[in-house]
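The structure appears right after this line, and notes come after that.
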Amino acid sequence: SLASTAITCFTRGLDLRKGTEDVLCPANCPLWQFYVFGDGVYASLSSVCGAAIHSGVITNTGGAVRVQTLPGQESYPAVNANGIQSQVLSRWASSFSVTAGPKNTALEAVGRSVSTARPSTGKRPKKTLDKKAGNKDCKADIAFLIDGSYNIGQRRFNLQKNFVGKVAVMLGIGTEGPHVGVVQASEHPKIEFYLKNFTAAKEVLFAIKELGFRGGNSNTGKALKYTAQKFFSLENGARKGIPKIIVVFLDGWPSDDLEEAGIVAREFGVNVFIVSVAKPTTEELGMVQDIGFVDKAVCRNNGFFSYQMPTWFGTTKYVKPLVQKLCSHEQMLCSKTCYNSVNIGFLIDGSSSVGESNFRLVLEFVSNVAKAFEISDIGSKVAAVQFTYDQRTEFGFTDHVSKEKVLAAVRNIRYMSGGTATGDAISFTTRNVFGLVRDGPNKNFLVVLTDGQSYDDVRGPAAAAQKAGITVFSVGVAWAPLDDLKDMASEPRESHTFFTREFTGLEQMVPDIIRGICKDFLDSKQ
């Protein structure tokens, strides 16, 4: 009988060369690492052993599997089976099915390991791990909206694919690096693959190579709107807090209007770049509906989001500057919302009049406000200072870069008990907590929570904080005098001053504080 080939956890259908092949899957492959596309019939991009476990042919103890090559399919469904979630894939060039292999082959297993996309041997784990993670400094979820219209034609379409492939490789795609997908614009838009389908540059390159030219009018506006609305959902692999980017490739000019699509993309928080190639010449301008099509579609009309190449030939030198743009997340102005672009410092009164149980209610208020924001190393940040006569930084803006960690840190704040020197505490926080983020991209807010009269002047320190670019909200409870609260608050004072008789009243103020922060953020962007 045929000797079976020993394969690794990561060997894919397309790594096997024969029409029918008997293989041996190893034991204990990590289920969560499997890439499997389809159900019963699997795209050749799928892991063979993953597909075998998914279809129930073997379990995670490994075993003999017979792999049968099949033609490509129009679509592969996502199905959860035997601990593996297979993924959706549209149109792939070839497929395979799996059945149980001949029983006795375990004895005759030839240790001839097929070379695979990812070595499972631990020879240089450090290197492969880093490669899998990708370029962590480049925070981006990118849709390449490629031109598949008759304008570009088959020959240049292939050059376009080469260029997009080079950009994809240089980006440093990986589990923790940028993720990319491709949409083809022609008569009707078609999502070729999503962000979640591949997390390695090799796989993306292969998928780009396989793309077929569709032809038709260049309805780029239609495709851009469709991509902005449909492409970046969480179930399709978009990640929270990572800038969403669409790179539109346009040969010549679009057949339809881009203005509405540009507005929709901005509303959805998507950064649109336009790479225009061979832009209309003087003699062609009469055929172009709207000469200003680039300015209407890009995120901001500031020059950063538009990119020009004279032709599709010899484009290698254009790869790196484009990649640098796509990786500069602080320039992604359309991603910035109040939820992901603010620093909020909480100044918490720990004086003896508050008491332990009310102090818990104050911390709950802090948590509920913080919870509304997207906290990450490139998103919003939260800090907390507790004060009596003294001040104690509970945590600074850079100490905790995830929501879970911030909320855990708030829960762990211990009540100090003592006097009330609010003015000193504001000065301390302005200097020691906000001082470190003063030149950062985020807008700064300070929420002061107090239940009584301050022993020192609050007006001077609050004015200094505001001068340093910090917007102050004052929240008073019980015996906090209204004059003090108003003296601390930013203008207009009415909308930045809050008061409640009881600590239990703090809960109702949460949505107003969040709305206030968002309103100020938007006003500052006008």
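The values are calculated or read from the model by the stated rules, or taken from the named source; none is laboratory data. Nothing here was measured: the structure is a model prediction, and the numbers come from that model. Quick reminder, even Gly has a Cβ in these numbers, built from the backbone with ideal geometry, and neighbours come from all protein chains shown. Surface accessibility is based on the protein's heavy atoms, side chains included, excluding ligands, DNA and RNA. Shrake-Rupley method; radii C 1.70, N 1.55, O 1.52, S 1.80 Å.
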Inset, instruction - Looking only at region 11-34, decide whether some residue is of a type in the set (F, W, Y) and open to solvent by less than 20 Å² (accessible area, probe 1.4 Å). - result: yes
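Please pick out the residue among Q308, Q289, Q324 that is open to solvent by 30 Å² or more (accessible area, probe 1.4 Å), part of a strand (DSSP E or B) and without any contact (Cβ under 8 Å) to a residue 60 or more places away in the chain. Walk me through it before giving the result.
Numbers: Q289 fails: part of a strand (DSSP E or B); Q324 fails: part of a strand (DSSP E or B).
The conditions single out Q308.
Take the residues in region 408-425 that are part of a helix (DSSP H, G or I) and open to solvent by 10 Å² or more (accessible area, probe 1.4 Å), then tell me which one is nearest to E356 (Cα to Cα). Write out each step before concluding.
Our first condition is that a residue be part of a helix (DSSP H, G or I); within region 408-425, this holds for 408-411, 422-425.
Cutting the leftovers down to open to solvent by 10 Å² or more (accessible area, probe 1.4 Å) gives us 408-409, 411, 424.
On the way: A408: 18, A409: 17, R411: 13, D424: 23 Å.
Here the answer is R411.
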Legend entry - Cβ pairs under 8 Å, 6+ apart, first in region 246-266 and among the basic types (K, R), second at pLDDT 90 or above and open to solvent by less than 20 Å² (accessible area, probe 1.4 Å): R266/V272; R266/C299
Inset, instruction - Look at region 191-221 and say how many of its residues are at negative phi and either of a type outside the set (A, V, I, L, M, F, W, C) or in a loop (DSSP other than H, G, I, E, B) (or both). - result: 21
Inset, instruction - Quickly run through region 258-305 and pick out the residues that are more than 16 Å from A143 (Cβ to Cβ) and of a type in the set (G, A, S). - result: S276, A278, G286, G292, G303
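Specify which of the listed residues (E260, E187, E210, E284) is closer than 22 Å to T316 by Cα and modelled with pLDDT under 95.
E210
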Legend entry - Residue within region 498-509 that is open to solvent by less than 30 Å² (accessible area, probe 1.4 Å) and at positive phi present: no
Inset, instruction - Consider only pairs whose beta carbons are under 6 Å apart and that are at least six residues apart or on different chains; among these, list those whose first residue lies in region 380-394 and is under 16 Å from F359 (Cβ atoms) and in a strand (DSSP E or B) and whose second residue is at pLDDT 95 or above and of a type in the set (S, T, Y). - result: V385/T393; V385/T429
Inset, instruction - Filter region 431-460 down to residues that are in a loop (DSSP other than H, G, I, E, B) and over 31 Å from the mean Cα position of the chain (by Cα), then give me how many there are. - result: 8
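Hey, could you check region 334-364 for residues that are in a helix (DSSP H, G or I) and out of contact with any strand residue (DSSP E or B) (no Cβ under 7 Å at 6 or more places or on another chain) and say which is nearest to G435 (Cα to Cα)? Reasoning before the result, please.
At the first step, the residues of region 334-364 found to be in a helix (DSSP H, G or I) are 334-335, 356-364.
Remaining after also requiring out of contact with any strand residue (DSSP E or B) (no Cβ under 7 Å at 6 or more places or on another chain): 356-361, 363-364.
Numbers: E356: 31, S357: 32, N358: 30, F359: 27, R360: 28, L361: 29, L363: 24, E364: 26 Å.
Filtering region 334-364 for residues that are in a helix (DSSP H, G or I) and out of contact with any strand residue (DSSP E or B) (no Cβ under 7 Å at 6 or more places or on another chain), the one nearest to G435 (Cα to Cα) comes out as L363.
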Inset, instruction - Could you check how many residues of region 192-203 are open to solvent by 20 Å² or more (accessible area, probe 1.4 Å) and at pLDDT 95 or above? - result: 1
Inset, instruction - Evaluate region 78-87: report whether one residue or more is in contact with a Phe, Trp or Tyr (Cβ under 7 Å, 6 or more places away or on another chain), assigned to a strand (DSSP E or B) and not hydroxyl-bearing (S, T, Y). - result: yes
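Being open to solvent by less than 10 Å² (accessible area, probe 1.4 Å), not in a loop (DSSP other than H, G, I, E, B) and not assigned by the TED database to the domain that holds Y194 narrows it down to one residue among A51, A64; which is it? Steps first, answer last, please.
Working: A64 fails: open to solvent by less than 10 Å² (accessible area, probe 1.4 Å).
Of the residues listed, the single one that is open to solvent by less than 10 Å² (accessible area, probe 1.4 Å), not in a loop (DSSP other than H, G, I, E, B) and not assigned by the TED database to the domain that holds Y194 is A51.
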Inset, instruction - State yes or no: is F428 surrounded by 15 or more Cβ atoms within 10 Å (Cβ to Cβ) and assigned to a strand (DSSP E or B)? - result: no
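Take D483 and tell me if it is open to solvent by 30 Å² or more (accessible area, probe 1.4 Å) and under 24 Å from K371 (Cα atoms).
Considered against the rule, which asks whether it is open to solvent by 30 Å² or more (accessible area, probe 1.4 Å) and under 24 Å from K371 (Cα atoms), D483 comes out as no.
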Inset, instruction - Would you please list the contacts, defined by Cβ atoms under 6 Å and residues six or more apart or on different chains, that run from a residue in region 83-105 that is crowded, with 16+ Cβ neighbours inside 10 Å to a residue that is modelled with pLDDT under 80? - result: I84/L31; I84/F34; T105/S4
Inset, instruction - Go through region 222-273 and give me each residue that's part of a loop (DSSP other than H, G, I, E, B) and more than 12 Å from the chain's Cα centre (by Cα). - result: F231, G252, W253, P254, S255, D256, D257, L258, F268
